[in-house]
Amino acid sequence: MTRLTGFPPVVTPATRLMVLGSFPGVASLVQQQYYGHPRNQFWPILSALWAVDLRSLPYAERLDVVRARGLGIWDVYAHCRREGSLDADIEAPERNDFTTLRAQAPGLVAVAHNGGESARVMQHLRALGFEVHRLPSTSPANASWSFERKLDAWRAVFALYDLA
């Protein structure tokens, strides 16, 4: 199995809330874009929260909107081995260095974990002084939650940090 490499963080000094996924899926790795699978609900949820059609924008412009709103995007793992896109198939994961977040984003106060695999490091991030939240995964594999139910959960957390 090939060792895969994730993406750098999308972050600015003004980032207040960081959404942490686990590791990019195959579609995201191919496109070199966070949440690149067409059925992933990450971009539609942000679009609904901010009343901006992010999916119609080029990827670089989406990231500009994210940064301007005070949101950051990153993943828990910097590297791993995995066949396919399921979190359950992740092997030999190597965590990103979260101690660097303070320097990159001095305004960062909280981390929202996008799903269960990401949430495995909640205690670690709490120990670094961040408020932590677990959000329902936006992955198409999380079909037990409706879009509306996910949106409500995401809205509640985003509202805490003036991002909704």
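One table, with the values for the structure above:
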| read-out | value |
| --- | --- |
| Amide N of segment 63-95 lying under 19 Å from the label point, which is placed 7 angstrom from the Cα of R134 along Cα→Cβ | 75-77, 87-90 |
| Karplus (6.51, -1.76, 1.60) ³J(HN,Hα), θ = phi - 60°, over segment 134-143, in Hz, Gly and Pro reported as x | 10, 9, x, 4, 8, 4, x, 5, 8, 7 |
| Net lengthening on full extension, D89/V52 (0.36 nm per residue, minus Cα-Cα) | 9.9 nm |
| Span-rule helices in the chain, defined as complete DSSP H runs reaching 18 Å or more along the axis (Cα) with Kyte mean at least -1.0 | 147-160 |
| Average Cα contact separation per residue, segment 1-142, under 8 Å, 6 or more apart, as relative contact order % | 34 |
| Percent of beta bridges antiparallel (DSSP, the chain, rounded to nearest 5) | 35 |
| Calculated percent of Cα pairs over 28 Å apart (choose from (i) 14; (ii) 42; (iii) 38), label | (i) |
| Estimated 222 nm signal from helices in the chain, with DSSP H stretches of n ≥ 4 weighted -39500 (n - 2.57), rounded to 500 | -8500 deg cm²/dmol |
| For segment 62-109 versus segment 132-164, the gap between their alpha-carbon centres in whole angstrom | 17 |
| Sulfur and carbon atoms: percent of accessible area, the chain [1.4 Å] | 52 |
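The values are calculated or read from the model by the stated rules, or taken from the named source; none is laboratory data. This is a predicted model, so every value here is computed, not measured. FYI the Cβ positions are ideal-geometry reconstructions off the backbone, even for glycines, and counts take in every protein chain you see. Side chains are part of the model used for accessible areas, which takes the heavy atoms of the whole protein and leaves out ligands, DNA and RNA. Shrake-Rupley method; radii C 1.70, N 1.55, O 1.52, S 1.80 Å.
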